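Values quoted throughout were computed directly from the atomic coordinates according to the rules given, and no laboratory measurement underlies them. Just so it is clear, the model here is predicted, and its values are computed rather than measured. Positions of Cβ are backbone-derived with ideal geometry, glycine not excepted, and every protein chain shown enters the neighbour counts.
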Amino acid sequence: MTQGFDLVASLARGVDGRSGAWNFIQDFAAHWVRGLEDGDGWAEADLLAAEQRLGVQLPTALCEAYLLFGRRQDLTSNHDVLLDPAELYVDDAREALVFRHENQEAASWGVLLDSLQDDDPAVFMRLDLADKSAERWEPWLEHLSLCFVEIVLSESVLQADEELCDFLNTDDDSIELLEKNAVRLPFPAYPAGEENGSRWFLGQDVLLREDAGVAILARGRTTADLDRVRDLIPGDWLRGNR
């Protein structure tokens, strides 16, 4: 619980559907970043122009996210990049509508064209490989609204404020201490279908993402919160070695 915001309970509702996801993002922004305001989203005219340019109908969940907070780069594009409506595109193989790029364009996220009619379709990810014939759209998350929750959480631990964020290469002891000192958040491990994926945890006012036993990313609401988690999970933290 953080000043009236129960992140765990709100996230549990957020993974159940679109309305819960948007409510979670609004509450998370208000308590951890900066509250949403008028003008943080794109106009309907921008989305209609994108549909006319592309010749496809955008999924309802994508439109709702763009209308609500699509212009808020601090929520969507600190590291990876949410494309503007004018930048949305269909991939060369005409398999997917692409809406997000990895920050060095090593990967893309999209919705398969044959699921655009769904209100909240699944999201797929494709790596940019040297052998283009080996590139495949692989399952990422079951719903687009769930993907936007993940985007907001991930961009918060990858924000530009280095005083609030840190990174740790993990070992077995680190993972054990993480699981002992933080609460596993009710968000599915991903990419979907993989045995070892990314998991989310909450310490005392510290948000943590554990990536397949390889790394922990942390974001505290204050520098004191971040220092606390470094003490609880000691190691070679990138910005605050202990």
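Distance from the C-alpha centroid of the range 7-45 to that of the range 173-206: 21 Å, rounded to the whole angstrom. Note: relative contact order over the chain, using C-alpha pairs below 8 Å and six or more positions apart, is 15 percent. Each semi-axis of the equivalent ellipsoid for the range 161-232 is √(5λ) with λ an eigenvalue of the Cα gyration tensor; in descending order they amount to 20, 12, 11 Å. Taking all Cα-Cα distances within the chain, those exceeding 25 Å account for 42%.
Give me the angle, in degrees from 0 to 90, between the Cα long axis of helix 223-232 and the longest principal axis of the Cα atoms of the chain, rounded to the nearest 10. Result, in degrees: 70.
For trypsin sites (Lys or Arg not before Pro), the sites in the range 1-91 that DSSP calls loop and that have at most 12 other Cβ atoms within 10 Å are Arg34.
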